[in-house]
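The values are calculated or read from the model by the stated rules, or taken from the named source; none is laboratory data. Remember, predicted model here, so these are calculated numbers, not experimental data. Here Cβ is always computed from backbone atoms with ideal geometry, including for glycine, and neighbour counts include all displayed protein chains. The accessibility values were calculated without ligands, DNA or RNA, using every heavy atom of the protein model including side chains. Shrake-Rupley method; radii C 1.70, N 1.55, O 1.52, S 1.80 Å.
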Amino acid sequence: MKLTYALTAFGLAAATPLPALAATINAVMYKNPSCSCCETYAAYLEQNGFKVDIKPTNDLSQVSAGLGVPANLEGCHSVVVGGYVVDGFVPVDLIKKMLAEHPAITGIAMAGMPMGSPGMGGQKTESWKIYAFTKDGKAPTVYATE
């Protein structure tokens, strides 16, 4: 909670709590209709300032390919947010970093369903590589390692 200070009639500072105002980040998630971990990941995003519109599809591979996700990085969901694509269980801090920095990429992806990642249960047992990709056919590059 942010605090603002106002001088009282006696010249003393008094703290007045104000709610922190943060803009909601709108996102659309395309997911396999039978995948419940995607819904857990959507809830994780919503707990971190996103408003997620879930769109189940039986053609996820086709949707992901149309969004520019390389076949080897496709997961069980693709999220469109701020003009970018996020595929897989990418941690929210990396999504927000991408949105703030506006890199010249199509999106970021974390392949597989690693244990301990957002949306998946269990403990983290390995480091995760998050890749940046573009639609120009170039090989994905490592965006971050967590």
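Annotation: extensible slack from Glu39 through Asp53 equals 4.0 nm (criterion: 0.36 nm per residue apart, minus Cα-Cα distance). For Glu39, the accessible surface of its heavy atoms amounts to roughly 90 Å² (probe 1.4 Å, protein chains only, rounded to the nearest 10). A cut-off under 15 angstrom between Cβ atoms defines the neighbours of Ala111, and their net charge, with Lys, Arg +1 and Asp, Glu -1, is -3. Compute the distance in nm between two label points, each set 7 Å from the Cα along the Cα-to-Cβ direction, one at Met120 and one at Ala100. So the label points at Met120 and Ala100 sit 2.6 nm apart. Each part reduced to its alpha carbon centroid, the range 48-72 and the range 88-117 end up 13 Å apart. Exposure check, 1.4 Å probe, all protein chains in place: Lys135 carries approximately 140 Å² of accessible surface.
Distance between the 7 Å Cα→Cβ label points at Met113 and Asn72: 2.2 nm.
Computed with every protein chain present, the accessible area of Asp53 is close to 70 Å² [probe 1.4 Å].
I want to verify the translational diffusion coefficient of the range 28-146 in µm²/s; compute it with Stokes-Einstein, Rh as the Kirkwood radius over Cα pairs, at 20 °C and 1.002 mPa s. Can you show the working numbers first?
Values: Rh = 14.1 Å.
The Stokes-Einstein estimate is 152 µm²/s.
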